[in-house]
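Q: The structure follows.
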Amino acid sequence: MSLIFLVKKDTFAFLSLQNYEKKPTFHICPLPVNENTTMLLFKKVELLQKHITWLKTKGLTIGFTPTMGALHSGHASLIQQSKSECNISVCSIFVNPTQFNEASDLEKYPRTIAKDIDLLASVKNDILFLPEVKEVYPPNLEEIQIQLGHLDKVMEGEHRPGHFQGVVQVVHRLLDIVQPHYLYMGQKDFQQFTIIQQMIEQTALNTILRVCPIKREADGLAMSSRNVRLLPEHRKLAVALSQCLAKAKEDYLHKTIEAIEQQAITTLSNIPDFKPEYFDIVDTKTLLPIKDKSKANGAVACTAVFAGEVRLIDNMILS
Ligand code: PAF
(Lines give C-alpha, C1' and ligand atoms only; values in the text may rest on other atoms or scores of the structure.)
Protein backbone atom coordinates (compact mmCIF):
# COMPACT_ATOMS: atom_id res chain seq x y z
CA MET A 1 0.00 0.00 0.00
CA SER A 2 1.45 3.38 -0.84
CA LEU A 3 0.53 6.98 -0.71
CA ILE A 4 1.17 9.12 -3.75
CA PHE A 5 2.90 12.16 -2.54
CA LEU A 6 3.47 15.53 -3.86
CA VAL A 7 3.52 16.12 -7.49
CA LYS A 8 4.69 18.74 -9.82
CA LYS A 9 3.46 17.73 -13.23
CA ASP A 10 4.56 14.10 -13.31
CA THR A 11 7.06 13.86 -10.50
CA PHE A 12 5.89 11.47 -7.81
CA ALA A 13 7.20 9.96 -4.66
CA PHE A 14 5.70 7.16 -2.64
CA LEU A 15 5.45 6.77 1.06
CA SER A 16 4.89 3.52 2.79
CA LEU A 17 1.83 3.50 4.99
CA GLN A 18 3.38 1.16 7.48
CA ASN A 19 3.44 2.68 10.95
CA TYR A 20 1.43 5.61 9.62
CA GLU A 21 -0.55 5.92 12.83
CA LYS A 22 2.63 6.30 14.83
CA LYS A 23 4.33 8.77 12.53
CA PRO A 24 4.40 8.98 8.74
CA THR A 25 7.95 8.66 7.53
CA PHE A 26 8.39 12.02 5.90
CA HIS A 27 12.09 11.60 5.30
CA ILE A 28 11.64 10.39 1.72
CA CYS A 29 9.03 13.02 0.95
CA PRO A 30 7.84 15.53 0.20
CA LEU A 31 9.74 16.68 -2.81
CA PRO A 32 9.94 20.43 -3.35
CA VAL A 33 7.40 21.94 -5.73
CA ASN A 34 9.32 25.16 -5.69
CA GLU A 35 11.96 26.55 -3.37
CA ASN A 36 9.86 26.96 -0.26
CA THR A 37 6.83 24.85 -0.92
CA THR A 38 5.83 21.28 -0.64
CA MET A 39 2.44 19.87 -1.40
CA LEU A 40 0.99 16.45 -0.85
CA LEU A 41 -1.25 14.81 -3.40
CA PHE A 42 -3.87 12.25 -2.44
CA LYS A 43 -6.06 10.29 -4.80
CA LYS A 44 -7.58 7.85 -2.34
CA VAL A 45 -10.16 8.77 0.28
CA GLU A 46 -8.80 6.32 2.83
CA LEU A 47 -5.26 7.68 2.66
CA LEU A 48 -6.36 11.29 2.81
CA GLN A 49 -8.52 10.56 5.83
CA LYS A 50 -5.66 8.82 7.60
CA HIS A 51 -3.42 11.78 6.99
CA ILE A 52 -6.00 14.35 8.12
CA THR A 53 -6.78 12.36 11.26
CA TRP A 54 -3.07 12.36 12.02
CA LEU A 55 -2.83 16.13 11.46
CA LYS A 56 -5.79 16.67 13.77
CA THR A 57 -4.18 14.62 16.52
CA LYS A 58 -1.37 17.21 16.36
CA GLY A 59 -3.98 19.90 17.04
CA LEU A 60 -3.75 21.41 13.55
CA THR A 61 -6.74 23.19 11.99
CA ILE A 62 -7.86 22.22 8.49
CA GLY A 63 -9.20 24.64 5.86
CA PHE A 64 -10.83 23.16 2.76
CA THR A 65 -11.43 24.66 -0.69
CA PRO A 66 -13.41 22.42 -3.07
CA THR A 67 -12.90 23.18 -6.77
CA MET A 68 -13.45 21.73 -10.20
CA GLY A 69 -9.99 22.81 -11.35
CA ALA A 70 -9.16 25.28 -14.13
CA LEU A 71 -7.93 27.39 -11.25
CA HIS A 72 -7.49 31.16 -11.42
CA SER A 73 -6.75 34.01 -9.03
CA GLY A 74 -10.25 33.73 -7.56
CA HIS A 75 -9.42 30.21 -6.34
CA ALA A 76 -5.99 31.41 -5.22
CA SER A 77 -7.66 34.01 -3.00
CA LEU A 78 -9.76 31.29 -1.32
CA ILE A 79 -6.66 29.24 -0.59
CA GLN A 80 -4.81 32.30 0.68
CA GLN A 81 -7.71 32.99 3.05
CA SER A 82 -7.61 29.36 4.16
CA LYS A 83 -3.84 29.59 4.70
CA SER A 84 -4.25 32.73 6.78
CA GLU A 85 -6.84 31.15 9.10
CA CYS A 86 -5.83 27.48 9.27
CA ASN A 87 -2.67 25.44 9.76
CA ILE A 88 -3.30 23.17 6.79
CA SER A 89 -4.98 24.07 3.53
CA VAL A 90 -6.64 21.26 1.56
CA CYS A 91 -7.86 21.85 -1.99
CA SER A 92 -9.83 19.31 -4.01
CA ILE A 93 -10.03 19.19 -7.78
CA PHE A 94 -12.96 17.11 -8.95
CA VAL A 95 -15.10 17.84 -11.99
CA ASN A 96 -18.35 16.62 -10.51
CA PRO A 97 -20.46 14.98 -13.23
CA THR A 98 -23.71 15.12 -11.24
CA GLN A 99 -23.96 18.93 -11.28
CA PHE A 100 -23.86 19.36 -15.06
CA ASN A 101 -27.22 19.48 -16.78
CA GLU A 102 -25.75 18.91 -20.20
CA ALA A 103 -23.24 16.26 -21.14
CA SER A 104 -21.61 18.70 -23.59
CA ASP A 105 -21.01 21.25 -20.80
CA LEU A 106 -19.29 18.57 -18.72
CA GLU A 107 -17.20 17.53 -21.68
CA LYS A 108 -16.17 21.10 -22.51
CA TYR A 109 -15.33 22.00 -18.91
CA PRO A 110 -11.66 23.09 -19.00
CA ARG A 111 -9.17 20.65 -17.47
CA THR A 112 -5.75 22.17 -16.79
CA ILE A 113 -4.22 20.04 -14.04
CA ALA A 114 -0.53 20.88 -14.63
CA LYS A 115 -1.28 24.62 -14.47
CA ASP A 116 -3.53 24.06 -11.47
CA ILE A 117 -0.72 22.36 -9.57
CA ASP A 118 1.57 25.31 -10.33
CA LEU A 119 -1.03 27.76 -9.03
CA LEU A 120 -1.60 25.69 -5.87
CA ALA A 121 2.14 25.53 -5.28
CA SER A 122 2.47 29.30 -5.77
CA VAL A 123 0.02 29.93 -2.91
CA LYS A 124 1.65 27.20 -0.81
CA ASN A 125 -1.39 24.96 -0.65
CA ASP A 126 -0.56 21.99 1.58
CA ILE A 127 -2.71 19.13 0.31
CA LEU A 128 -4.30 18.43 -3.06
CA PHE A 129 -7.09 15.86 -3.20
CA LEU A 130 -7.55 14.63 -6.75
CA PRO A 131 -10.00 11.74 -6.63
CA GLU A 132 -11.49 9.66 -9.43
CA VAL A 133 -15.27 9.46 -9.80
CA LYS A 134 -15.40 6.00 -8.15
CA GLU A 135 -13.67 7.34 -5.01
CA VAL A 136 -16.21 10.13 -4.59
CA TYR A 137 -19.20 8.01 -5.56
CA PRO A 138 -18.65 4.43 -4.41
CA PRO A 139 -21.54 2.08 -5.33
CA ASN A 140 -23.25 2.00 -1.92
CA LEU A 141 -23.01 5.70 -1.09
CA GLU A 142 -26.25 7.00 0.42
CA GLU A 143 -27.76 10.16 -1.06
CA ILE A 144 -28.14 12.94 1.44
CA GLN A 145 -31.66 14.42 1.70
CA ILE A 146 -31.71 18.16 2.29
CA GLN A 147 -34.80 20.36 2.30
CA LEU A 148 -33.83 23.34 0.19
CA GLY A 149 -37.36 24.72 -0.23
CA HIS A 150 -37.33 27.38 -2.90
CA LEU A 151 -33.55 28.02 -2.57
CA ASP A 152 -32.74 25.66 -5.44
CA LYS A 153 -35.79 26.55 -7.53
CA VAL A 154 -35.05 30.22 -8.28
CA MET A 155 -32.41 31.80 -10.57
CA GLU A 156 -29.74 29.11 -11.27
CA GLY A 157 -32.12 26.43 -10.01
CA GLU A 158 -34.80 27.43 -12.49
CA HIS A 159 -32.41 27.36 -15.44
CA ARG A 160 -30.28 24.39 -14.38
CA PRO A 161 -32.71 21.87 -12.85
CA GLY A 162 -30.96 19.32 -10.62
CA HIS A 163 -27.71 21.33 -10.59
CA PHE A 164 -27.82 22.20 -6.90
CA GLN A 165 -28.80 18.67 -5.88
CA GLY A 166 -25.54 17.59 -7.55
CA VAL A 167 -23.59 20.35 -5.80
CA VAL A 168 -25.09 19.49 -2.40
CA GLN A 169 -24.30 15.78 -2.83
CA VAL A 170 -20.69 16.38 -3.81
CA VAL A 171 -19.92 19.08 -1.24
CA HIS A 172 -21.49 16.97 1.49
CA ARG A 173 -19.45 13.96 0.41
CA LEU A 174 -16.23 16.01 0.24
CA LEU A 175 -16.88 17.52 3.67
CA ASP A 176 -17.53 14.05 5.02
CA ILE A 177 -14.18 12.91 3.61
CA VAL A 178 -12.06 15.92 4.59
CA GLN A 179 -13.89 16.91 7.81
CA PRO A 180 -12.39 20.41 7.75
CA HIS A 181 -12.77 23.02 10.45
CA TYR A 182 -13.38 25.70 7.78
CA LEU A 183 -14.83 25.56 4.27
CA TYR A 184 -13.89 28.28 1.74
CA MET A 185 -16.24 29.27 -1.08
CA GLY A 186 -16.50 32.29 -3.35
CA GLN A 187 -19.23 34.94 -3.33
CA LYS A 188 -19.31 34.63 -7.12
CA ASP A 189 -21.62 31.61 -6.68
CA PHE A 190 -23.99 33.43 -4.37
CA GLN A 191 -26.82 30.91 -4.58
CA GLN A 192 -24.39 28.01 -4.21
CA PHE A 193 -22.91 29.20 -0.92
CA THR A 194 -26.38 30.09 0.41
CA ILE A 195 -27.49 26.52 -0.28
CA ILE A 196 -24.33 25.02 1.20
CA GLN A 197 -24.82 27.10 4.36
CA GLN A 198 -28.34 25.67 4.57
CA MET A 199 -26.96 22.15 4.10
CA ILE A 200 -24.37 22.64 6.85
CA GLU A 201 -27.07 23.84 9.24
CA GLN A 202 -29.46 20.98 8.41
CA THR A 203 -26.87 18.23 8.70
CA ALA A 204 -25.22 19.78 11.77
CA LEU A 205 -21.81 19.37 10.12
CA ASN A 206 -18.98 20.62 12.24
CA THR A 207 -17.62 23.02 9.62
CA ILE A 208 -17.71 26.80 9.41
CA LEU A 209 -18.35 28.29 5.96
CA ARG A 210 -16.24 31.28 4.99
CA VAL A 211 -17.33 33.24 1.92
CA CYS A 212 -14.63 35.22 0.11
CA PRO A 213 -15.21 38.27 -2.12
CA ILE A 214 -15.46 38.01 -5.92
CA LYS A 215 -12.16 38.51 -7.74
CA ARG A 216 -12.48 40.56 -10.91
CA GLU A 217 -10.36 41.14 -14.01
CA ALA A 218 -9.09 44.70 -14.57
CA ASP A 219 -12.20 45.58 -16.62
CA GLY A 220 -14.58 44.20 -13.97
CA LEU A 221 -15.39 40.75 -15.42
CA ALA A 222 -15.77 38.26 -12.56
CA MET A 223 -13.04 35.62 -12.72
CA SER A 224 -14.36 32.23 -13.76
CA SER A 225 -12.96 29.00 -15.15
CA ARG A 226 -15.34 29.46 -18.08
CA ASN A 227 -13.83 32.80 -19.17
CA VAL A 228 -11.10 31.03 -21.14
CA ARG A 229 -13.80 29.70 -23.47
CA LEU A 230 -15.06 33.19 -24.41
CA LEU A 231 -14.42 34.31 -27.98
CA PRO A 232 -12.22 37.46 -28.00
CA GLU A 233 -15.10 39.71 -29.12
CA HIS A 234 -17.38 38.27 -26.41
CA ARG A 235 -14.65 38.62 -23.80
CA LYS A 236 -14.49 42.38 -24.51
CA LEU A 237 -18.27 42.77 -24.32
CA ALA A 238 -18.59 40.65 -21.17
CA VAL A 239 -17.67 43.70 -19.08
CA ALA A 240 -21.37 44.61 -19.48
CA LEU A 241 -22.36 42.16 -16.73
CA SER A 242 -20.41 43.92 -13.98
CA GLN A 243 -21.41 47.31 -15.43
CA CYS A 244 -25.11 46.42 -15.21
CA LEU A 245 -24.62 45.18 -11.66
CA ALA A 246 -22.81 48.39 -10.70
CA LYS A 247 -25.62 50.43 -12.27
CA ALA A 248 -28.17 48.43 -10.27
CA LYS A 249 -26.25 49.27 -7.10
CA GLU A 250 -26.21 52.96 -8.01
CA ASP A 251 -29.96 52.96 -8.74
CA TYR A 252 -31.13 50.67 -5.94
CA LEU A 253 -32.32 53.33 -3.52
CA HIS A 254 -34.05 55.65 -5.96
CA LYS A 255 -35.63 53.38 -8.60
CA THR A 256 -38.06 50.48 -8.38
CA ILE A 257 -36.62 46.98 -8.45
CA GLU A 258 -38.69 46.13 -11.54
CA ALA A 259 -37.29 49.17 -13.41
CA ILE A 260 -33.69 48.30 -12.51
CA GLU A 261 -34.11 44.65 -13.54
CA GLN A 262 -35.82 45.61 -16.79
CA GLN A 263 -33.13 48.13 -17.69
CA ALA A 264 -30.37 45.54 -17.13
CA ILE A 265 -32.16 42.87 -19.19
CA THR A 266 -32.65 45.36 -22.04
CA THR A 267 -28.98 46.43 -21.98
CA LEU A 268 -27.73 42.84 -21.93
CA SER A 269 -30.17 41.67 -24.63
CA ASN A 270 -28.97 44.44 -26.95
CA ILE A 271 -25.41 43.10 -27.02
CA PRO A 272 -24.84 40.99 -30.13
CA ASP A 273 -24.75 37.24 -29.30
CA PHE A 274 -25.61 37.88 -25.64
CA LYS A 275 -28.71 36.28 -24.11
CA PRO A 276 -29.51 37.12 -20.51
CA GLU A 277 -31.32 34.31 -18.65
CA TYR A 278 -32.14 36.40 -15.61
CA PHE A 279 -31.21 39.58 -13.78
CA ASP A 280 -32.88 39.31 -10.38
CA ILE A 281 -32.65 41.47 -7.31
CA VAL A 282 -33.34 39.24 -4.31
CA ASP A 283 -33.07 39.08 -0.54
CA THR A 284 -29.52 38.02 0.45
CA LYS A 285 -30.79 35.39 2.92
CA THR A 286 -33.99 34.00 1.41
CA LEU A 287 -33.13 34.58 -2.29
CA LEU A 288 -36.76 35.64 -2.74
CA PRO A 289 -37.82 38.79 -4.62
CA ILE A 290 -37.81 41.87 -2.40
CA LYS A 291 -41.26 43.34 -1.82
CA ASP A 292 -40.28 45.98 0.71
CA LYS A 293 -36.69 47.29 0.60
CA SER A 294 -36.84 48.38 4.24
CA LYS A 295 -37.68 44.83 5.42
CA ALA A 296 -35.06 42.93 3.36
CA ASN A 297 -32.12 41.23 5.11
CA GLY A 298 -30.02 42.78 2.37
CA ALA A 299 -30.29 42.96 -1.40
CA VAL A 300 -28.18 41.22 -4.02
CA ALA A 301 -28.46 41.45 -7.81
CA CYS A 302 -27.69 38.13 -9.52
CA THR A 303 -27.42 37.52 -13.22
CA ALA A 304 -26.73 34.76 -15.73
CA VAL A 305 -26.01 35.57 -19.36
CA PHE A 306 -25.02 33.52 -22.36
CA ALA A 307 -22.10 35.19 -24.16
CA GLY A 308 -22.21 33.17 -27.34
CA GLU A 309 -22.06 29.60 -26.05
CA VAL A 310 -20.50 30.42 -22.71
CA ARG A 311 -22.79 30.87 -19.74
CA LEU A 312 -21.53 33.54 -17.32
CA ILE A 313 -22.85 34.35 -13.86
CA ASP A 314 -22.14 37.30 -11.61
CA ASN A 315 -23.66 39.17 -8.69
CA MET A 316 -23.27 42.26 -6.57
CA ILE A 317 -24.51 43.09 -3.09
CA LEU A 318 -26.65 46.23 -3.34
CA SER A 319 -27.43 46.93 0.29
O1 PAF B 1 -18.07 25.95 -7.38
C2 PAF B 1 -17.58 24.89 -7.82
O3 PAF B 1 -16.51 24.88 -8.42
C4 PAF B 1 -18.34 23.59 -7.61
O5 PAF B 1 -19.70 23.78 -7.69
C6 PAF B 1 -17.94 22.86 -6.32
C7 PAF B 1 -18.34 23.66 -5.08
C8 PAF B 1 -16.46 22.59 -6.28
C9 PAF B 1 -18.68 21.52 -6.23
O10 PAF B 1 -18.35 20.68 -7.29
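The values are calculated or read from the model by the stated rules, or taken from the named source; none is laboratory data. Quick caveat, the model's predicted, so the values are computed rather than measured. Cβ: placed from backbone, ideal geometry, glycine included. Neighbour counts: every protein chain shown.
Q: Considering only the stretch 202-241, how many residues are within 21 Å of GLN80 (Cα to Cα) and in a helix (DSSP H, G or I)?
A: Of the residues in the stretch 202-241, 1 are within 21 Å of GLN80 (Cα to Cα) and in a helix (DSSP H, G or I).
Q: Then there is this: Residues that are closer than 26 Å to GLY162 by Cα, more than 16 Å from the ligand (Cβ to nearest atom) and of a type in the set (S, T, N, Q): does the stretch 75-91 have at least one?
A: Checked the stretch 75-91: no residue is closer than 26 Å to GLY162 by Cα, more than 16 Å from the ligand (Cβ to nearest atom) and of a type in the set (S, T, N, Q).
Q: Can you find, within the stretch 207-231, the residue that is farthest from the chain's Cα centre (by Cα) among those that are among the aliphatic types (A, V, I, L, M) and away from the ligand (no atom under 15 Å from the Cβ)?
A: LEU231
Q: Right, here's the next one. Please find, among HIS150, HIS172, HIS181, the residue that is within 16 Å of the ligand (Cβ to nearest atom) and of a type outside the set (D, E, K, R).
A: Only one candidate qualifies: HIS172.
Q: Another question about this same structure. Going residue by residue through the stretch 103-124, is there one that turns out to be over 26 Å from ASP314 (Cα atoms), among the hydroxyl-bearing types (Ser, Thr, Tyr), within 13 Å of the ligand (Cβ to nearest atom) and surrounded by fewer than 21 Cβ atoms within 10 Å (Cβ to Cβ)?
A: Within the stretch 103-124, none of the residues are over 26 Å from ASP314 (Cα atoms), among the hydroxyl-bearing types (Ser, Thr, Tyr), within 13 Å of the ligand (Cβ to nearest atom) and surrounded by fewer than 21 Cβ atoms within 10 Å (Cβ to Cβ).
Q: What's the number of the condition CYS244 fails, among (1) in a helix (DSSP H, G or I); (2) under 19 Å from GLU309 (Cβ atoms)?
A: Tallying (1) in a helix (DSSP H, G or I); (2) under 19 Å from GLU309 (Cβ atoms), CYS244 fails exactly one: (2).
Q: Give me a count of the residues in the stretch 169-201 that are touching a Ser or Thr at 6+ places or on another chain (Cβ under 8 Å) and free of Cβ contacts under 8 Å to residues at least 40 places away in the same chain.
A: Selection size over the stretch 169-201: 2.
Q: So, one more: Could you list, in sequence order, the residues of the stretch 300-319 that are in contact (Cβ under 8 Å) with a residue 40 or more places away in the chain, more than 15 Å from LYS188 (Cα to Cα) and not β-branched (Val, Ile, Thr)?
A: ALA307, GLY308, GLU309, SER319
Q: Shifting gears a bit: Does the stretch 256-271 contain any residue that is among the small types (Gly, Ala, Ser) and in contact with a Gly (Cβ under 7 Å, 6 or more places away or on another chain)?
A: No; the residues of the stretch 256-271 include none that is among the small types (Gly, Ala, Ser) and in contact with a Gly (Cβ under 7 Å, 6 or more places away or on another chain).
Q: If you go through the stretch 50-76, how many residues are at pLDDT 95 or above, surrounded by 17 or more Cβ atoms within 10 Å (Cβ to Cβ) and either part of a helix (DSSP H, G or I) or in contact with a Lys or Arg (Cβ under 8 Å, 6 or more places away or on another chain) (or both)?
A: Residues that pass the stated criteria total 9.
Q: When you go through GLY166, GLY157 one by one, which is the residue that is touching a residue at least 40 places away in the same chain (Cβ under 8 Å) and surrounded by fewer than 22 Cβ atoms within 10 Å (Cβ to Cβ)?
A: Result of the check over GLY166, GLY157: GLY166.
Q: So, in the stretch 195-206, exactly how many residues are away from the ligand (no atom under 11 Å from the Cβ) and crowded, with 20+ Cβ neighbours inside 10 Å?
A: 1
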